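The values are calculated or read from the model by the stated rules, or taken from the named source; none is laboratory data. Small disclaimer: the values here were computed from a predicted structure and weren't measured. Using ideal geometry, Cβ is built from the backbone for each residue, glycine included, and neighbour counts are taken over all protein chains shown.
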Amino acid sequence: MNLSADLKSNKFIATAELNPKKSFTCETLVANAKKLKNKVSAINITDNSGAGVKMSSLVASYLMQKETGIEALWQITCRDRNRLALQSDILGAAALGLKNILPLRGDDPKQGDYPETQAAFDIGTEDLIQIIKMIESGKDYAGKELKPFEENAYSFCVGSAAHPGMPDLKTQRETMERRLSYGVEYFQTQICFDPKQLESFRNTISDEIAGKTLLGITPIKTFKQASFMHENIWGVEVPESLMSELKSNYDDSDPKNENALKTQREIGLNNAKEITSIVKDMGFKGIHLMAIGQEAALAEILDTIMPKDQALN
């Protein structure tokens, strides 16, 4: 499976996300990735997610792709690098055979283990998108030529993030349109649990944008997880009906009650399956699966929530 080709195909596709650990190895990440063979178009490798220290996303992307044969989707943030480091890593990614890049701003360091950290933010996400396209054409951000360079020698598949929960969806659509003009080929969105929020997002963006968008899906694992996301992740809303159903199956006296936890997980899976079905019916290109706390079960979750007929109308 090839992300760039799959984006151009008549298929409803999936990407998934894995997080490197604070470790010298990525054996667990690779083992979880292997289960996704022939199920996803690419696997996102996060870049110090949550503003915590993890193995380099560049290294983990290379190792995962090399060990599994599944395309990596390398996340790179403006938070941790100035314009020199960003360009060096992009050149390094090309040397390592990484084709897919998702430029991001990055989580606020104040949310992580080192709140005193001085974030780089030397340039913004849209500047970084344009840098990648300049490097493809044989020049760095200062306009100086790469040497040696052969025309059309390397081409990245560049993506961008989007947010269905933005208060001003008109501005979100304009941002997406502008980034398409810069050369972005696809969008991956923040998590969406609410069909009404999804409908508002779809009604605001164009058919073209929807056809390039992978909607963020997370199957809720527990009532406590749903409460945390609803209260702490900006723009993510858990509908009252879903929250109520989860709460009614939460055991206050024994939060580790296996039967209660199993029921909560099934409720989360059913919601993910419902949203995925709506996403396909609305003409989105696919889903981006972020199974927080359930990375070992990504393949099982995909088998449960993905439509059996993956052809788009």
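Numbers at a glance
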{"quantity": "Qualifying positions in the stretch 143-160 - surrounded by fewer than 18 Cβ atoms within 10 Å (Cβ to Cβ) and within 19 Å of residue 183 (Cα to Cα)", "calculated": "143, 151, 152, 153, 154, 155"}
{"quantity": "Flag if residue 133 is closer than 30 Å to residue 300 by Cβ, surrounded by fewer than 22 Cβ atoms within 10 Å (Cβ to Cβ) and not small (Gly, Ala, Ser)", "calculated": "no"}
{"quantity": "Where residue 24 falls short, out of the listed (1) of a type outside the set (Asp, Glu); (2) out of contact with any strand residue (DSSP E or B) (no Cβ under 8 Å at 6 or more places or on another chain); (3) closer than 27 Å to residue 133 by Cβ", "calculated": "(3)"}
{"quantity": "Residue count for the stretch 33-79, restricted to those that are among the charged types (D, E, K, R), closer than 17 Å to residue 292 by Cα and in contact with a strand residue (DSSP E or B) (Cβ under 8 Å, 6 or more places away or on another chain)", "calculated": "1"}
{"quantity": "Flag if residue 122 is charged (D, E, K, R), at pLDDT 95 or above and surrounded by fewer than 18 Cβ atoms within 10 Å (Cβ to Cβ)", "calculated": "yes"}
{"quantity": "Close pairs (9 angstrom Cβ cut-off, 6 or more residues apart or separate chains): among the charged types (D, E, K, R) in the stretch 158-174, not in a helix (DSSP H, G or I) anywhere", "calculated": "173/205; 173/206"}
{"quantity": "Neighbours by Cβ (under 6 Å, 6+ apart or cross-chain): first from the stretch 121-135, closer than 18 Å to residue 51 by Cβ; second at pLDDT 95 or above and in a helix (DSSP H, G or I)", "calculated": "122/83"}
{"quantity": "Contacts under 8 angstrom Cβ, first residue in the stretch 240-265 being free of Cβ contacts under 8 Å to residues at least 12 places away in the same chain and of a type in the set (S, T, N, Q), partner assigned to a loop (DSSP other than H, G, I, E, B) and surrounded by 10 or more Cβ atoms within 10 Å (Cβ to Cβ), 6 or more apart", "calculated": "257/251"}
{"quantity": "Residues of the stretch 218-274 classified as over 24 Å from residue 189 (Cβ atoms) and of a type in the set (Val, Ile, Thr), total", "calculated": "1"}
{"quantity": "Single residue of 55, 64 found to be in contact with a helix residue (DSSP H, G or I) (Cβ under 9 Å, 6 or more places away or on another chain) and either assigned to a loop (DSSP other than H, G, I, E, B) or of a type in the set (Lys, Arg) (or both)", "calculated": "55"}
{"quantity": "Test: residue in the stretch 3-10 that is part of a strand (DSSP E or B), acidic (Asp, Glu) and closer than 20 Å to residue 159 by Cβ", "calculated": "no"}
{"quantity": "Index of the failed condition, residue 236 passing every other in (1) free of Cβ contacts under 8 Å to residues at least 40 places away in the same chain; (2) crowded, with 19+ Cβ neighbours inside 10 Å; (3) under 30 Å from residue 174 (Cα atoms); (4) of a type outside the set (Phe, Trp, Tyr)", "calculated": "(1)"}
{"quantity": "Matching residues in the stretch 78-104 - criterion: being touching a residue at least 40 places away in the same chain (Cβ under 8 Å), outside any helix (DSSP H, G or I) and either surrounded by fewer than 17 Cβ atoms within 10 Å (Cβ to Cβ) or among the acidic types (Asp, Glu) (or both)", "calculated": "80, 82"}
{"quantity": "Positions within the stretch 208-251 being in contact with a Gly (Cβ under 6 Å, 6 or more places away or on another chain) and closer than 30 Å to residue 10 by Cβ, in sequence order", "calculated": "210, 214, 219"}
{"quantity": "Single match in 112, 50, 69 (criterion: of a type in the set (Gly, Ala, Ser), modelled with pLDDT under 95 and out of contact with any Asp or Glu (no Cβ under 7 Å at 6 or more places or on another chain))", "calculated": "112"}
